[in-house]
Amino acid sequence: MNGSAVVNPFVKFWSAKRIFKKGRLLGCLVLIAFVMAPLVCALIFSESMIAGITNKYIYLSDGHLQIQGVAYDGLVTDDAMVLHADSVVSGYALVYSSSSTSSLLVKGVSSDYFNESRLSQVSFETTDLEPSNLKGIALSRATASKLGVSIGDRVALMIVPDDASRSPRPVLVRVEAIFHSGYDQLDSMLSFVDREYARTLFTSSSSASVEVLVDDTYIERLDDVIADLVLKNEGLSLREISTWNEHNVSVYNNFVTSKQMILIILLIVIIVAAFYTSSVAQQMIQDDMKPISIAKLIGMADSQVRLSAFISVSSVTVAGIVLGIGLGIGIGYGLGPVLSALSNKGLQSLSFYLLDFVVDIPWKSVLLISVCLMVLSTASVWIALGKTRRITPMRLFTSL
Amino acid sequence: MHPTDRQIGDHIDRPFAKQFDRPIQLLDITKRFKAAQDGEGEITILEDVDLCIARGESTAIIGKSGSGKSTLLHIAGGLDSPTSGKVLCNGVDFATLDDKRRSSLRNLHIGFIFQANLLLEDFTALENVMAPAMIAGRTARDCRPRALSLLERLGLGDRTHHLPSQLSGGEKQRIAICRALMNEPDVIMADEPTGALDEENAQEVERLLLDLVKEEGRSLLLVTHNNDFAYRCDNVYLLKNHALSLEKGLGLDV
């Protein structure tokens, strides 16, 4: 055998001929592409949406890290690790309007809290208002809609005091801004007031915290950041610092479960697709009984016959996967603006979903499902092609 | 030797390249079939048959239908296994080889022609002729000149890119002859090669087959019930009562 020819020339030739001649194989290519496209699309949406929701929680609610009960003053950070460390005073309150009530987390933040990173996650509507003695509050569009208020309207905050000896007291505030992050589930729980004003509403030391935003390169290394903070700040202990997922255990667990469920569903679909590929290979062998017998008659070894059929089916599978990934990514990007428009319509049925997110291709996951499909279909096709061993040239004469 | 044929020898692992005076030897061949699928009885087709095919000679096997001529050819070509006995191809016992080496032996040393032409329907005439050489490891580019030359010699120069379905029975059979000769095998085994053709085409194919086999210096093992065709060969054996008897020529002792 020619050392330079890894695959026998006839094996290559017959494999290529099959791909272009067999409608069944082209059908297989289309089916794999149509299986892969929604899988990739589903992956893009689930992972992008989860990443988007996570960002909403991190930037608007908790930060990457949260240091409980510590005032901002004096917190020493490493600039390479920590982008922002914002002191926040927060507590729960009931909000009353003339027509409705809502329970909210009232966050007291400083004027530089909404830095560039946070403003990329939320948009604010404001208008010029007449000066007033009332303090201002920023409500989410979802809450404002529920309460039936708009900018300039007054609402009452009923603060539940930390000290049991004090009775609840209502305070009037004026809606000065309406924000919208695109994720109503979170928006409907949040409101923002000035931090100094919040200090007067929530006096307990446990109301104070520091939200820490970490540089992108350290997001996967939060333990290092925590260790650095503890090292640099005397008196700061590990138990005072929590990560966003420790702070939002149920949300985080939901994400993990969702990801696992999506992965299981994808694997089931992949197994079905691999099974289909192997059945196509079997059918192809069934169709090619006579040509295979003839090829064996003129000297083709069973291993070459098997390899030829394998190359045909595998090439089609790979082409289907690549086409499917391309389609899935195309659809993913194309539907992004559509979902964003739906999000802006504020449809009630979609309020639990984050629709306005940055489409990010999860290459690792796409690669994982592609490899899974390739490996499973390769293995099942190779096993299915074992049938060729039973096809002998004598079949030509016994069936004549 | 044709230069392209030397290339075959250089190009591929030719494990049985040693030239034998008797490229095919059948020693004490017995073939029995079960009477029915679940039956216990056996039908004897061949009993202690010996046959030698000499290099460059043509040998015909004649006999009545059902006498076992085709079975004998299948066994001689390594397509079927005898119940007992040995089949040697260039001195190598088929029974000792695995599928890969048996296939290689068949590919390089034996060319088959059958009544039904058994061409690959999706392949053009040229591709069908090139197939054995490509299976042997040669590229299409390398084996194309010899394939074209064979097709030209058999009057199919203008049919190279036709599919078998676009050709007549006689043309298909001529392509099968080209394919059988492509790798310059030691032996051509032909089973009723003109059985499905009209008289005119049959005579043409007979003439071409015998002439080409002589020209190329190949041995021919022909199975036919056409005595006229058979008696144009050097040796003629009659297969009767499971055994061979020499009817023409000198034959060869095993």
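One residue is enough: does region A:324-335 have a residue meeting the conditions under 30 Å from A:V280 (Cβ atoms) and hydroxyl-bearing (S, T, Y)? No; the residues of region A:324-335 include none that is under 30 Å from A:V280 (Cβ atoms) and hydroxyl-bearing (S, T, Y).
Condition test on A:F45, is it assigned to a helix (DSSP H, G or I), open to solvent by less than 60 Å² (accessible area, probe 1.4 Å) and of a type in the set (F, W, Y)? The answer is yes for A:F45.
For region B:88-121, a residue qualifies if it is farther than 17 Å from B:I53 by Cα and of a type in the set (F, W, Y), and exactly one does: B:F114.
Yes or no, residue by residue, for (1) closer than 22 Å to A:S98 by Cα; (2) touching a residue at least 24 places away in the same chain (Cβ under 8 Å); (3) open to solvent by 30 Å² or more (accessible area, probe 1.4 Å):
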position: A:A156; (1), (2), (3): yes, yes, no
position: A:F179; (1), (2), (3): yes, yes, no
position: A:A198; (1), (2), (3): no, yes, no
position: A:V212; (1), (2), (3): no, yes, no
position: A:E220; (1), (2), (3): no, no, yes
position: A:D223; (1), (2), (3): no, no, yes
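Those helices (runs of 4 or more DSSP H) of region B:76-175 in which at least 3 residues are open to solvent by 10 Å² or more (accessible area, probe 1.4 Å) and at the interface with another protein chain (Cβ under 8 Å from one of its Cβ atoms), considering only elements entirely within it, cover B:99-109. Restricting A:S103, A:S140 to residues that are under 22 Å from A:F357 (Cα atoms) and within 30 Å of the chain's Cα centre (by Cα) narrows the list to A:S140. Go through region B:203-221 and report how many residues are within 25 Å of B:K64 (Cβ to Cβ), assigned to a helix (DSSP H, G or I) and touching a residue at least 24 places away in the same chain (Cβ under 8 Å). The qualifying residues number 4. A:R118 meets each of the listed conditions (1) more than 18 Å from A:V193 (Cα to Cα); (2) open to solvent by less than 30 Å² (accessible area, probe 1.4 Å); (3) modelled with pLDDT of 90 or more apart from (1).
Exactly one residue among B:E206, B:E216 is of a type outside the set (A, V, I, L, M), more than 17 Å from B:L118 (Cβ to Cβ) and surrounded by 20 or more Cβ atoms within 10 Å (Cβ to Cβ), and that residue is B:E206. A single entry from A:S365, A:S312, A:S303 fulfils the requirement of being touching a residue at least 12 places away in the same chain (Cβ under 8 Å), within 19 Å of A:R18 (Cβ to Cβ) and either open to solvent by less than 10 Å² (accessible area, probe 1.4 Å) or of a type in the set (S, T, Y) (or both): A:S312.
Restricting the first member to region A:84-95 and to residues that are touching a residue at least 40 places away in the same chain (Cβ under 8 Å) and of a type in the set (D, E), and the second to residues that are crowded, with 19+ Cβ neighbours inside 10 Å and part of a strand (DSSP E or B), the beta-carbon pairs closer than 7 Å and six or more apart or on different chains are A:D86/A:V109; A:D86/A:V210; A:D86/A:E211.
Just checking, does region A:274-284 include any residue being open to solvent by 60 Å² or more (accessible area, probe 1.4 Å) and among the hydrophobic types (A, V, I, L, M, F, W, C)? Yes, the conditions are met somewhere in region A:274-284. Go through region B:145-167 residue by residue and tally those that are without any contact (Cβ under 8 Å) to a residue 40 or more places away in the chain, touching a Leu at 6+ places or on another chain (Cβ under 8 Å) and not small (G, A, S). Total satisfying the criteria: 6. The residues of region A:158-177 that are open to solvent by 10 Å² or more (accessible area, probe 1.4 Å) and out of contact with any Ser or Thr (no Cβ under 8 Å at 6 or more places or on another chain), listed by number, are A:M158, A:V160, A:A164, A:S165, A:R166, A:S167, A:P168, A:R169, A:P170, A:V171, A:L172. Would you say A:I137 is of a type in the set (A, V, I, L, M) and more than 18 Å from A:S100 (Cβ to Cβ)? No, not satisfied.
The combined condition, being in a loop (DSSP other than H, G, I, E, B) and either at pLDDT 90 or above or open to solvent by less than 60 Å² (accessible area, probe 1.4 Å) (or both), is not fulfilled by A:I292.
Restricting A:V322, A:V318 to residues that are touching a residue at least 24 places away in the same chain (Cβ under 8 Å), under 23 Å from A:F20 (Cα atoms) and either at the interface with another protein chain (Cβ under 9 Å from one of its Cβ atoms) or in a helix (DSSP H, G or I) (or both) narrows the list to A:V318.
The values are calculated or read from the model by the stated rules, or taken from the named source; none is laboratory data. Please read these numbers as outputs of a predicted model, since none were measured by experiment. Positions of Cβ are backbone-derived with ideal geometry, glycine not excepted, and every protein chain shown enters the neighbour counts. To get the accessible areas, we keep the full protein, side chains included, count just its heavy atoms, and leave off ligands, DNA and RNA. Shrake-Rupley method; radii C 1.70, N 1.55, O 1.52, S 1.80 Å.
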